[in-house]
1. Report yes if some residue within region 178-188 is in contact with a helix residue (DSSP H, G or I) (Cβ under 6 Å, 6 or more places away or on another chain), buried (at least 20 other Cβ atoms within 10 Å of the Cβ), over 20 Å from residue 78 (Cα atoms) and in contact (Cβ under 8 Å) with a residue 40 or more places away in the chain; otherwise report no.
2. If you scan region 175-228, which residues turn out to be at pLDDT below 95 and in contact with a strand residue (DSSP E or B) (Cβ under 8 Å, 6 or more places away or on another chain)?
3. If only one of 97, 57 is in contact (Cβ under 8 Å) with a residue 60 or more places away in the chain, surrounded by fewer than 21 Cβ atoms within 10 Å (Cβ to Cβ) and within 25 Å of residue 199 (Cα to Cα), which one is it?
4. Scanning region 200-218 for residues that are within 13 Å of residue 180 (Cα to Cα) and assigned to a loop (DSSP other than H, G, I, E, B), which turns out nearest to the chain's Cα centre (by Cα)?
5. Go through the residues of region 162-174 one by one and say whether even a single one is surrounded by fewer than 22 Cβ atoms within 10 Å (Cβ to Cβ), at pLDDT 95 or above, in a helix (DSSP H, G or I) and over 16 Å from the mean Cα position of the chain (by Cα).
6. Looking for whichever is out of contact with any strand residue (DSSP E or B) (no Cβ under 8 Å at 6 or more places or on another chain), over 16 Å from residue 190 (Cα atoms), in contact (Cβ under 8 Å) with a residue 40 or more places away in the chain and not in a helix (DSSP H, G or I) here; the options are 81, 124. Which one fits?
7. Which one of 142, 207, 220, 216 is free of Cβ contacts under 8 Å to residues at least 60 places away in the same chain and surrounded by 14 or more Cβ atoms within 10 Å (Cβ to Cβ)?
8. For region 96-123, how many residues meet the condition of being farther than 24 Å from residue 36 by Cβ and in contact with a helix residue (DSSP H, G or I) (Cβ under 6 Å, 6 or more places away or on another chain)?
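The values are calculated or read from the model by the stated rules, or taken from the named source; none is laboratory data. Fair warning: this is a prediction, and the values are worked out from it, not measured in the lab. Cβ placement follows ideal geometry from the backbone for every residue including glycine, while neighbour counts extend to all protein chains displayed.
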């Protein structure tokens, strides 16, 4: 943690070692979301663990898992039929469109760290929508309303795959595969993009998108790559 990488002292994680312990997307996300702006970024295992767990596992991975597993349990592995958008969906679409514009602007300016923050905010928007609309509760009284929520959320997984590909291309490909689509069109029209997967479209529940880094793993890696002082 901290200090300069040193091959002679065995301090630091080098590419071959990094890919032995975790998939490339974990490293891509940390490196890009901590891209230096005015000075060098310092790598610490605590920060790396927090970034992977809070951003990738708890936000994006959690959204994908909750949506697909709930749909499978109540509607099967197809995009559910029924219901129409309401105020909550209109508000989310507006929020996503605004957030996407901010993300695009930061990418155009090559402000990579700021772009990653905007991307994470888009992931958060989906989670907050899911939490506030609570399809698992709504389903008991109004299955059509639950169908609307889940249908939008499944389409949002496809949108997340497309816009996240610059940062986490492997996970993005897995998300598209789970949604059973090759459609990588950029969501220029957010409402239209959230209808790309039609009612009745088949999908599959993916394996866990991102495994959390445990404290034991972090401590092991801290010791293994500390080198000699």
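1. Yes.
2. Those that are at pLDDT below 95 and in contact with a strand residue (DSSP E or B) (Cβ under 8 Å, 6 or more places away or on another chain): 225, 226, 227, 228.
3. Numbers: 57 fails: within 25 Å of residue 199 (Cα to Cα).
Every option except 97 fails the conditions.
4. Taking region 200-218 and keeping what is within 13 Å of residue 180 (Cα to Cα), we get 200-206.
Cutting the leftovers down to assigned to a loop (DSSP other than H, G, I, E, B) gives us 200-201, 203-206.
Working: 200: 24, 201: 22, 203: 18, 204: 17, 205: 15, 206: 13 Å.
Filtering region 200-218 for residues that are within 13 Å of residue 180 (Cα to Cα) and assigned to a loop (DSSP other than H, G, I, E, B), the one nearest to the chain's Cα centre (by Cα) comes out as 206.
5. no
6. Values: 124 fails: not in a helix (DSSP H, G or I).
Every option except 81 fails the conditions.
7. Values: 207 fails: surrounded by 14 or more Cβ atoms within 10 Å (Cβ to Cβ); 220 fails: surrounded by 14 or more Cβ atoms within 10 Å (Cβ to Cβ); 216 fails: surrounded by 14 or more Cβ atoms within 10 Å (Cβ to Cβ).
Just one listed residue meets the conditions, 142.
8. Going through region 96-123, the residues farther than 24 Å from residue 36 by Cβ turn out to be 96-101.
Subsequent filtering for residues that are in contact with a helix residue (DSSP H, G or I) (Cβ under 6 Å, 6 or more places away or on another chain) retains 96-97, 99.
Residues in region 96-123 being farther than 24 Å from residue 36 by Cβ and in contact with a helix residue (DSSP H, G or I) (Cβ under 6 Å, 6 or more places away or on another chain): 3 in total.
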